[in-house]
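Visitor: Quick one: this structure, given as structure tokens, is what I'll be asking you about.
The values are calculated or read from the model by the stated rules, or taken from the named source; none is laboratory data. The model shown is predicted, which means the values in this text are computed figures rather than measured ones. For neighbour counting, all protein chains shown are included, and Cβ atoms are generated from backbone atoms with ideal geometry for every residue, glycine included.
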Amino acid sequence: AQSVTQLGSHVSVSEGALVLLRCNYSSSVPPYLFWYVQYPNQGLQLLLKYTSAATLVKGINGFEAEFKKSETSFHLTKPSAHMSDAAEYFCAVSGASGNTPLVFGKGTRLSVIA
Amino acid sequence: GAVVSQHPSWVICKSGTSVKIECRSLDFQATTMFWYRQFPKQSLMLMATSNEGSKATYEQGVEKDKFLINHASLTLSTLTVTSAHPEDSSFYICSATDRGRYNEQFFGPGTRLTVL
């Protein structure tokens, strides 16, 4: 069984400050891990994914995440927040096969303060 | 590439009627499609997994007779909400796995269903 825990349902940062969104996973098989962003009334956009290659994964819009097996974590970071980053962020885990569904965390709403 | 569309983007219907939502992979063949439901300010919950040409696999607690899923081709899956009730109002999102990019799902833009 797989599960994802996102610490903090709401994170607020100042514009230009570091963004850190936390994600811990549980998986009985080598996991594939994903971060998605969702803007209001829209679908999901993939930010980045870990698929057992490099542990530091760079994504779109300046985001990156580091896979730490010892800590079962996959935290999302961005050095400098922009107003346009305000959205809902979901961490997800799946097995290696693309035919396995994603298991999502509960999401973290990111607010960016001017 | 890897675009998934959903139609309609939003729908309002009366209680007791049925609503069909289409999910299409526009530029790839989708071996598997997934249907998720998202209630306001909540996460996505998997409803069912659909493979082309076979019956959908529903998650525990999802009524098969209420949420009919058909995956007739490699580019189209449909979700029909039968005899819809206000508690079925939600955001329905589909995703599809590209046969050529095996470990990634591509999401549709979602369909907002409101049942009056």
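Visitor: Give the residue that is farthest from the other protein chains (Cβ to nearest Cβ), with candidates limited to residues of the range B:54-72 that are over 13 Å from the mean Cα position of the chain (by Cα) and at pLDDT below 90.
Guide: Within the range B:54-72, the match that is farthest from the other protein chains (Cβ to nearest Cβ) is B:Ala72.
Visitor: Can you tell me which residue within the range A:20-60, out of those that are surrounded by fewer than 18 Cβ atoms within 10 Å (Cβ to Cβ) and within 25 Å of B:Gln6 (Cα to Cα), is modelled with the lowest pLDDT?
Guide: For the range A:20-60, the residue satisfying everything is A:Asn41.
Visitor: Collect the residues in the range B:29-53 that are within 12 Å of another protein chain (Cβ to nearest Cβ) and not in a strand (DSSP E or B), keeping them in residue-number order.
Guide: B:Phe39, B:Pro40, B:Lys41, B:Gln42, B:Ser43, B:Glu52
Visitor: Oh, and also: Which residue pairs have Cβ atoms closer than 9 Å, lie 6 or more positions apart in sequence or on different chains, and pair a first residue in the range B:2-17 that is on the phi > 0 side of the Ramachandran plot with a second residue that is surrounded by fewer than 14 Cβ atoms within 10 Å (Cβ to Cβ) and modelled with pLDDT of 95 or more?
Guide: From the range B:2-17, the pairs are B:Gly16/B:Ser83; B:Gly16/B:His85.
Visitor: Oh, and also: State whether the residues of the range B:54-68 include one that is closer than 17 Å to B:Arg112 by Cα, out of contact with any Phe, Trp or Tyr (no Cβ under 6 Å at 6 or more places or on another chain), in contact (Cβ under 8 Å) with a residue 24 or more places away in the chain and in a strand (DSSP E or B).
Guide: yes
Visitor: Take the residues in the range A:65-106 that are within 15 Å of the chain's Cα centre (by Cα), within 9 Å of chain B (Cβ to nearest Cβ) and not aromatic (Phe, Trp, Tyr); name whichever of them is surrounded by the most Cβ atoms within 10 Å (Cβ to Cβ).
Guide: Result: A:Ala92.
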